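One structure is given below, encoded as structure tokens.
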Amino acid sequence: MELKFEEELLVIPGAESQLRLHRIADELSRRDIDAVLISDHANLFYVTGRIFCGWALVWADGSAEYFVRRPSTLHGDGLHRIRKVEELPGCLSHRPARLGLELDLISWSAAERIRAAFGEGVEIVNASAAMRAVRSVKTVMQIDLMAESGIKQTMVYNGIAKLYREGMSDIELQIEIERSLRLHGCLGKFPVSGPDMEIFMANVLTGENADVPSPYDFAMGGAGLHPSLPVGADGTIIKPHNPVMVDANGNFTAYMTDMTRCFCLGEPPAEAARLNTLSADICRAVSEAARPGTAAKDLYELALGMATDAGAADYFMGHRYHAGFVGHGVGIEINEGPVLAPRSRDIIQEGNTIALEPKFVVPGLGAVGVENTYAVTADGPRLLTLSPQNIVQFD
């Protein structure tokens, strides 16, 4: 007997699905785009709750159609089975006059195939910013899933001090942290957007390696273990009184939280403790100031001002290389909007989920600081990463 396995294409509840589609529709209407054709995995997941090979077409009236190549087991309303994108326009009752594509994310050849498939009379425009804007404001369901990730990530962090063994290197500690993450349900995947960022499940920095610049757009660097992934732990032995910074994966629900904490073998140096406390103070001040309507660039200036007043500007967000931001949106991907940077045009909105990471790198000392994820609400910040923020000594 032949067994048939069928799955509904849409995984998210109907009301939640409609809310997301209408948010996309509102953004398309605001930008005078008739429809957006989505193939990026993060955007497909936002719309459907799953990853598949194909496209989702969301119209400016809030309706959607789905064009699936693989897997063949999917079914549902508005689903079309096609083999290639050239078949897509023939499935439509009418063609959009202005079609949005994720031109920041798809290849030139993919865009040209779509342009040729739709033919003359259809204007192709870039809808990447529209999708980024939509995804930067989370629904209640998304924030609840992030809170769940934050609870599980906190459980892992609260056990890190017990993972240390005498003579460990940074990468050996990282492996134990990653094992704990997976045992607590971490999905392992650390999704990032764009070509300028790559990262594995965790980033552990100690000693002089913390001051090694990385080619990636991260607050912290590190040489890494190989030129193919030049970031993070490099095999440095953890030494007494050298802070160890841990920035580990918070992806437990496909909506991730971002958290950094510091540890130390023995008593941390006074300067490390001072700067770590300063980092936590900046997080509190910036998160409290991150109210709807606030300019993201003003939040960056607040953080930089506090670091400058404390005499730590030279070490703020790096030393040999200074990252150009102090916080970023987080959710399905680790680098969403808004961005808290000096030239950011983003305005804080209720529903933003922001990772604040005011970190410091001091030559001869290493990296210190905390990172917390907050949800922006009308009543103030909601902290989603709950592990203690002081430097914790290894057991």
**Complete:** Gln142 fails exactly one of (1) out of contact with any Phe, Trp or Tyr (no Cβ under 8 Å at 6 or more places or on another chain); (2) closer than 19 Å to Ile334 by Cα, namely (1)
**Message:** For the condition at pLDDT 95 or above, polar (S, T, N, Q) and in contact with a strand residue (DSSP E or B) (Cβ under 8 Å, 6 or more places away or on another chain), what is the one hit in Ser72, Ser39, Ser63?
**Reply:** Ser39
**Request:** Could you tell me whether any residue of region 230-249 is surrounded by 17 or more Cβ atoms within 10 Å (Cβ to Cβ), in the same structural domain as Leu384 (by TED's automatic domain parsing) and part of a helix (DSSP H, G or I)?
**Result:** no
**Test for Arg70: is it out of contact with any helix residue (DSSP H, G or I) (no Cβ under 9 Å at 6 or more places or on another chain), closer than 19 Å to Ile114 by Cβ and surrounded by fewer than 20 Cβ atoms within 10 Å (Cβ to Cβ)** = yes
**Prompt:** Residues in region 134-184 that are polar (S, T, N, Q), crowded, with 19+ Cβ neighbours inside 10 Å and under 19 Å from Ala210 (Cβ atoms): how many?
**Reply:** 1
**Output for region 105-128, where each listed residue is closer than 16 Å to His41 by Cα and exposed (fewer than 15 other Cβ atoms within 10 Å of the Cβ)** = Ser107
**Message:** Suppose we filter region 179-203 for residues that are touching a strand residue (DSSP E or B) at 6+ places or on another chain (Cβ under 9 Å) and at positive phi; how many remain?
**Reply:** 0
**Message:** If I ask for residues that are surrounded by 13 or more Cβ atoms within 10 Å (Cβ to Cβ) and under 26 Å from Asp32 (Cβ atoms), which ones from region 81-90 would you list?
**Reply:** Val85, Leu88, Pro89
**Request:** Answer yes or no as to whether Arg284 is among the charged types (D, E, K, R) and in contact with a Phe, Trp or Tyr (Cβ under 6 Å, 6 or more places away or on another chain).
**Result:** no
**Message:** Name the single residue that is surrounded by the fewest Cβ atoms within 10 Å (Cβ to Cβ) among those in region 30-43 being farther than 11 Å from Ala127 by Cβ and within 16 Å of the chain's Cα centre (by Cα).
**Reply:** His41
**Complete:** Contact list, first residue from region 70-86 and assigned by TED's automatic domain parsing to the domain that holds Ile12, second anywhere and small (Gly, Ala, Ser), beta-carbon distance below 7 Å, six or more apart or interchain, is Gly78/Ala64; Val85/Ala117; Glu86/Ala117
**Request:** Among residues belonging to region 311-352 that are part of a loop (DSSP other than H, G, I, E, B) and aromatic (Phe, Trp, Tyr), point out the one that is surrounded by the fewest Cβ atoms within 10 Å (Cβ to Cβ).
**Result:** Tyr321
**Prompt:** Can Met131 be described as among the hydrophobic types (A, V, I, L, M, F, W, C), at pLDDT below 95 and either in the same structural domain as Ala60 (by TED's automatic domain parsing) or touching a Phe, Trp or Tyr at 6+ places or on another chain (Cβ under 7 Å) (or both)?
**Reply:** no
**Item:** Residue identified as at pLDDT 95 or above, assigned to a helix (DSSP H, G or I), under 28 Å from Asp379 (Cβ atoms) and among the small types (Gly, Ala, Ser) among Ala355, Ala272, Ala303
**Value:** Ala303
**Asked** Taking into account only those residues within region 264-289 that are buried (at least 24 other Cβ atoms within 10 Å of the Cβ) and of a type in the set (A, V, I, L, M, F, W, C), which is farthest from Phe218 (Cα to Cα)?
**Response** Cys264
**Item:** Failed criterion for Leu225 (all others in (1) under 19 Å from the mean Cα position of the chain (by Cα); (2) surrounded by fewer than 21 Cβ atoms within 10 Å (Cβ to Cβ) hold)
**Value:** (1)
**Item:** Enumeration of residues in region 358-379 that are at pLDDT 95 or above and either over 27 Å from Ala312 (Cα atoms) or not hydrophobic (A, V, I, L, M, F, W, C) (or both)
**Value:** Pro358, Lys359, Gly369, Glu371, Asn372, Thr373, Tyr374, Ala375, Val376, Thr377
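The values are calculated or read from the model by the stated rules, or taken from the named source; none is laboratory data. What you see is a predicted model; the values in this text were computed from it and never measured. Note: ideal-geometry Cβ built from the backbone for every residue, glycine included; neighbour counts use all protein chains shown.
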